[in-house]
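Structure first, then comments.
The values are calculated or read from the model by the stated rules, or taken from the named source; none is laboratory data. Quick caveat: nothing in here was measured; it's all calculated off a predicted structure. Counting neighbours? That spans all protein chains shown, and the Cβs are built from the backbone with ideal geometry, glycine included.
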Amino acid sequence: MPLLADAPTAPTRGTLDAATAAARNGDVHAWVEAVAALTQPRAVVWCDGSDVERRALVAQMVRTGTLLPLDPDLRPGSYLARSDPADVARVESRTFICSPDQRDAGPTNNWREPGAMRDELDGVFTGAMRGRTMYVVPFSMGPVGGPLSQLGVQVTDSPYVVVSMGVMTRVGSDVLDLVEAGAPFVPAVHSVGMPLRDEAGDEIDDVPWPCSSTKYIAHFPESREIWSFGSGYGGNALLGKKCFALRIASVMGRDEGWLAEHMLLVRLTSPQGRRYHVAAAFPSACGKTNLAMLRPTLPGWTVETIGDDIAWLRPGPDGELRAINPEAGFFGVAPGTGEATNPAAVEMLARDTIFTNVALTPEGDVWWEGLTETPPAHLTDWRGRPWVPGSEEPAAHPNSRFTVAAERCPSIAAGWDDPEGVVLDAIVFGGRRATNVPLVAQAESWEHGVFMGATISSERTAAAEGVVGELRRDPFAMLPFCGYDMADHWAHWLRVGASLDRARRPLVFQVNWFRRDDEGRFLWPGFGENSRVLAWIVDQVDRARGLRTDVGAVASPVGLLPAPGALETRGLDLDDATLARLFAVDAGSWQLETDLTEEFFATFGDRVPQALRDRLARLREALGTPGAD
Ligand code: GTP
Ligand code: MN
Ligand code: MN
């Protein structure tokens, strides 16, 4: 490890305000000293992201029991981490947006007055790292120095976090060089919140997964700061991901004219060899990682992965919309990942992967529900208890995850990490809807597309076809991730769209893989077959550019639907009645849905852009006109 310095022995204890002041001055060393003075670690280590460093940390975690090495013949270079059973997911109730004006956080975020939150955090962070090592992790979201990239420095007392950040972001001394030379960085402080010495200096025993029952995931959009306390779980602790790349970056984007979105990114190549780039926003657990690594069933097409969770979108010099995946790895949900659903992911996880909260086989390999059809006869479950098939609880935690480098993905696109990004041809929004929403529809305009994004939703309960259940709204799939008022986010999307060249602006679509029949079965086979929908989407791009002259779509009240024959269904076991149901637009239940949308919009008051209210009025009109098609 490069530099092991004794912690500064501050004469007086540090404060949160002193740390913030140093960060505001752009002085990374003064900031680290101030954070150390506040949290009082045993030592401070500056990380360089090297392989030597990673190996040393992994060896240390194997010794302390944080990581269990898997059998090197079965799963080389891979480890299992078991978290505290109470620290397994993001904690939205303890996630705060601390903007000076409450209205700027909007009605969908937990808001705290910044001064009050700072006082609270000052209390919990004081001495929080006593007896632990504090690691300083300089990282870049996006290729280092790229025009769409941003820098951050995370301080953490968790070696698990350091190693995971090394997979998920670009960590290195090159980043530190830029920061030391004055490049702006996002200061991000993380502590597991379990010091190894009490106030009197007496030792406390460590545990394999330290954490605290008190948790704070606090964001200060004004000063671009992140303070995370009490959790070691990915979304709460790997601060480059949801905290920076979505919550803080969305605010940066608002202020600077770009977009930080909960989107996968893929490259499609048609049988004619034409290339297209598509970004898609689906809420958590709605299939981003699946679609990002899709193996097309449609002959002649290829789909390559660029990103599976986050995309940063920025208008380019020629009025095009460019996109990068700011991450360097995948932190995906394990359960449900199997040969039948995501073979590329299964191949990706063959080695060099950190698994968290999956089950362990007697041979020293991993297993989770959905990896194979038949579970092994004996397992150790995610909590370390014996497990046999038929046990009441699942062997792997439903939110168990894998952490693996992007390069390990067999479908990763050539040049996926091009600092200039890729030019987007289409943007797709999707939710998990058992009813109403067609398999695919194209927005008539950018404004209509923003309306589609703003109204993404899933049924709370599986409702019968044609009946709208209570809708859980997740606008732009950003509900837990937008660092400012959601309605302002819609207005920002309208502004960004208006700043693009009309001919180069991506087309916008809505998809729904999850429509069901009366028996509750999915109408659409999904997974690899979704390539058929992607093919129609990019065919529409070709038509908009005059590269095709055949009719691809017909109008409907909810958008353009594939014209008869335009969606390739040959080779599918799909009868005409099922196909019709996949695209059915029932005026009655859609009228009901527009009422719910109006109620939803009302929760944002007068911040809802007029263009979206107009769009809702137009939808009502289209639904109300008998014979409209
Ligand atoms: P986060 O990583 O949490 O943001 O979520 P994600 O959007 O990446 O979700 P993920 O790909 O892990 O979603 C997995 C869930 O979606 C599983 O339950 C899959 O079975 C389901 N799923 C994905 N694609 C399809 C599909 O085409 N059809 C159906 N029926 N289910 C799908
Ligand atoms: Mn996600
Ligand atoms: Mn995912």
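When the range 469-524 is limited to residues that are under 19 Å from the mean Cα position of the chain (by Cα), outside any loop (DSSP other than H, G, I, E, B) and of a type in the set (D, E, K, R), the one that is modelled with the lowest pLDDT turns out to be 472.
Of all residues in the range 219-258, those satisfying the criterion of being charged (D, E, K, R), touching a Pro at 6+ places or on another chain (Cβ under 8 Å) and more than 16 Å from ligand 1 (Cβ to nearest atom) are 222, 224, 225. Looking only at the range 21-42, residues that are more than 20 Å from residue 204 (Cα to Cα) and either of a type in the set (D, E, K, R) or not assigned by TED's automatic domain parsing to the domain that holds residue 199 (or both) come to 3 in all.
Taking only the range 525-559 into account, find how many residues are in a helix (DSSP H, G or I) and of a type in the set (S, T, N, Q). Break it down stepwise before answering.
Of the range 525-559, the ones in a helix (DSSP H, G or I) are 527-544.
Then keep just the ones that are of a type in the set (S, T, N, Q); that gives 530-531, 540.
Residues in the range 525-559 being in a helix (DSSP H, G or I) and of a type in the set (S, T, N, Q): 3 in total.
Those residues that are more than 12 Å from residue 158 (Cα to Cα) and surrounded by 14 or more Cβ atoms within 10 Å (Cβ to Cβ), I need them from the range 207-222; list them, please. Once the filter is applied, which keeps residues that are more than 12 Å from residue 158 (Cα to Cα) and surrounded by 14 or more Cβ atoms within 10 Å (Cβ to Cβ), the range 207-222 yields 212, 215, 216, 217, 218, 219, 220, 221.
Condition check ((1) among the hydrophobic types (A, V, I, L, M, F, W, C); (2) assigned by TED's automatic domain parsing to the domain that holds residue 427; (3) touching a residue at least 40 places away in the same chain (Cβ under 8 Å)) across all residues:
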| residue | (1), (2), (3) |
| --- | --- |
| 501 | no, yes, yes |
| 508 | yes, yes, yes |
| 513 | yes, yes, yes |
| 521 | no, yes, no |
| 530 | no, yes, yes |
| 533 | yes, yes, yes |
| 544 | yes, yes, no |
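Does residue 326 meet the test of being buried (at least 19 other Cβ atoms within 10 Å of the Cβ), part of a loop (DSSP other than H, G, I, E, B) and touching a residue at least 60 places away in the same chain (Cβ under 8 Å)? The answer is yes for residue 326.
In the set 571, 552, 546, which member is over 34 Å from the mean Cα position of the chain (by Cα), among the small types (Gly, Ala, Ser) and farther than 19 Å from residue 436 by Cα?
On the way: 571 fails: over 34 Å from the mean Cα position of the chain (by Cα); 552 fails: over 34 Å from the mean Cα position of the chain (by Cα).
Just one listed residue meets the conditions, 546.
The lone criterion from (1) closer than 27 Å to residue 372 by Cα; (2) hydrophobic (A, V, I, L, M, F, W, C); (3) within 11 Å of ligand 2 (Cβ to nearest atom) left unmet by residue 294 is number (3). Considering 404, 450, 437, the condition of being in a loop (DSSP other than H, G, I, E, B), touching a residue at least 40 places away in the same chain (Cβ under 8 Å) and among the aliphatic types (A, V, I, L, M) is satisfied by 437 alone.
Might you check whether a residue that is over 13 Å from the mean Cα position of the chain (by Cα), assigned to a loop (DSSP other than H, G, I, E, B) and more than 12 Å from ligand 1 (Cβ to nearest atom) occurs anywhere in the range 307-317? Yes, some residue in the range 307-317 is over 13 Å from the mean Cα position of the chain (by Cα), assigned to a loop (DSSP other than H, G, I, E, B) and more than 12 Å from ligand 1 (Cβ to nearest atom). For beta carbons closer than 7 Å, sequence separation of 6+ or different chains, a first residue in the range 286-304 that is on the phi > 0 side of the Ramachandran plot and a second that is buried (at least 23 other Cβ atoms within 10 Å of the Cβ), the qualifying pairs are 287/513.
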